[in-house]
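Read through the structure below, which is laid out as structure tokens, and then see the notes.
The values are calculated or read from the model by the stated rules, or taken from the named source; none is laboratory data. Everything quoted here is computed from the prediction, not taken from an experiment. With ideal geometry, Cβ positions are generated from the backbone for all residues, glycine too; neighbour counts draw on all protein chains shown.
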Amino acid sequence: MASALHAMYISAMADYEALRARHAEQYQALLNDHLARINWSEEQLRAERERRLRAIISAAKERSPWHRARLAHLDPERVTEADLPSIPPMTKEDLMRNFDAILTDRRLSRASVEAHLDRLEGDAYLLDEYHVAASGGSSGTRGVFVYGWEGWLLFFLTFSRLRVRAQLADPQIGLKPVRAVIAGGKASHMSYALAQTFGSGSGVVNVPATLPVDDIVVRLNELQPVMLTGYPSMMMILASEADAGRLRIAPRLIGVASEPLLPEMRAAIEATWACPVLNTYATSEGATAGSCGQGRGMHLNEDLCIFEPVDNEGRPVPAGQRAAKLYVTPLLNHAQPLIRYELTDEVTLIDEPCPCGSKLRRIDDIEGRADDMFVYDGGVIVHPLSFRSLLGRERHVMEYQVRQTARGAAIALRADGKVHTAAIRDAIERELAHLGLRDPAVTVDVVNGFDRQSTGKLKRFFPLAWGG
Ligand SMILES: [Zn+2]
């Protein structure tokens, strides 16, 4: 019996490796095309968006029962971007409430993708084709995202191509530099899973962001990465480790993602290592933007996603003004069509051409609230990711708030089903102990709702005042 199970395990790993290798090969084959897209004309970009908009509307009308009614008035062969305002926007709540009816493959369901997430130990394919990622997201509401084969591939191409272009422009970086990615430690995290699918074998080393800071410093001193990628708040910690002389590395390129990069953070990181800081905006929904290293802000990957910055009433907001929210229509993933999907990120379009020559429009670095870190007596630092990655895997947790306490945290949850609060408490206490907190004490309570901030966003992390 044990040997039969072992044989099944070996065969599953061989299947995974074969699929992953095919995905990575296709990435290499398409990379030059996607680098060229960065310099496409506005006309080429518009034509590509229109072609893909028609394709996704057609797929959604044919195979997604929820979308069929909403898109009934549209002719997929004639639809253009000018028709978008006739489509009602959708929210993450809509996505989670109508999950099965939005998916375009009837073999998939909320139950089957949640079961897949529960089983994840590392990156894995579902039905040899799909990837599933869970995210807390900046709004604090949990979302589950399903990517088809092409969607996963195109997501990583748009996610990585501006960084690859900057890398190729610096002869000292070379083609296969040692690149340390300090990412989410769980396979349910998109960045971690993408790095596993596409990154292996090309000099990328994953360092879990949930390791104690001292361990991360030791790993990086050994690795001597030429490129370093991680959360802005983690880069701030590492910059201070470098300034204190404990971290001794000389990266040529820093990549940051997944959290707001405030101007003072960008300045501090640049001052420490004197190299370009490439910011990346990547949502689990498939809308992405990235810095080119030459002009300010980030280029929207608008060949594969339609971006509509709007005000609170959903009216278009012109360049130069901060939008209240963003409707996105990712054009790369037919598995779970998201059409005019509302993101609560406050973006500002930049109204000037970029010195790099790309016609992809830019947005400023998004300055929304930075996730707060908890600093405990004795200098133990706990990154919000430690909580996010554990809470994001709980299928019935809709929203949460985490308040730092003297010896741990008080966690409040809103749930749409049974949650095992004791198990969550134990897991988080173990995590805090692992990070160096002595005798951690965590409480977990289920609540009916939270008071939101005036913007509608949920503040999720409440640190104790420094030194207080
Ligand atoms: Zn540029």
Filter region 358-405 for residues that are within 16 Å of the ligand (Cβ to nearest atom) and surrounded by fewer than 19 Cβ atoms within 10 Å (Cβ to Cβ); the one that is farthest from T421 (Cα to Cα) is K359
Candidate set: region 344-357, residues that are in contact with a Lys or Arg (Cβ under 9 Å, 6 or more places away or on another chain), assigned to a loop (DSSP other than H, G, I, E, B) and not acidic (D, E); chosen: the one farthest from the ligand (Cβ to nearest atom): T344
The number of residues in region 87-144 that are more than 23 Å from L391 (Cβ to Cβ), touching a residue at least 60 places away in the same chain (Cβ under 8 Å) and not in a strand (DSSP E or B) is 10
For the list (1) under 18 Å from D451 (Cβ atoms); (2) assigned to a helix (DSSP H, G or I), I need the number of the one condition that A427 fails. (1)
In region 328-386, which residues are touching a residue at least 40 places away in the same chain (Cβ under 8 Å) and of a type in the set (S, T, N, Q)? T329, N333, Q336, T344, S358, S386
Kindly indicate which of L332, L304, L300 is crowded, with 22+ Cβ neighbours inside 10 Å and within 16 Å of the ligand (Cβ to nearest atom). L300
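Specify which of the listed residues (G295, G255, G290) is surrounded by 18 or more Cβ atoms within 10 Å (Cβ to Cβ), within 16 Å of the ligand (Cβ to nearest atom) and either modelled with pLDDT under 95 or of a type in the set (D, E, K, R) (or both).
Selected residue: G255, the only one of G295, G255, G290 that is surrounded by 18 or more Cβ atoms within 10 Å (Cβ to Cβ), within 16 Å of the ligand (Cβ to nearest atom) and either modelled with pLDDT under 95 or of a type in the set (D, E, K, R) (or both).
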Could you say which residue among A239, A274 is more than 21 Å from N206 (Cβ to Cβ), away from the ligand (no atom under 16 Å from the Cβ), among the aliphatic types (A, V, I, L, M) and over 17 Å from the mean Cα position of the chain (by Cα)? A274
Please find, within region 261-300, the residue that is farthest from G143 (Cα to Cα) out of those that are of a type in the set (D, E, K, R) and in contact (Cβ under 8 Å) with a residue 24 or more places away in the chain. R296
Checking Y281 against (1) surrounded by fewer than 21 Cβ atoms within 10 Å (Cβ to Cβ); (2) at pLDDT below 95; (3) within 15 Å of the ligand (Cβ to nearest atom), the condition it does not meet: (1)
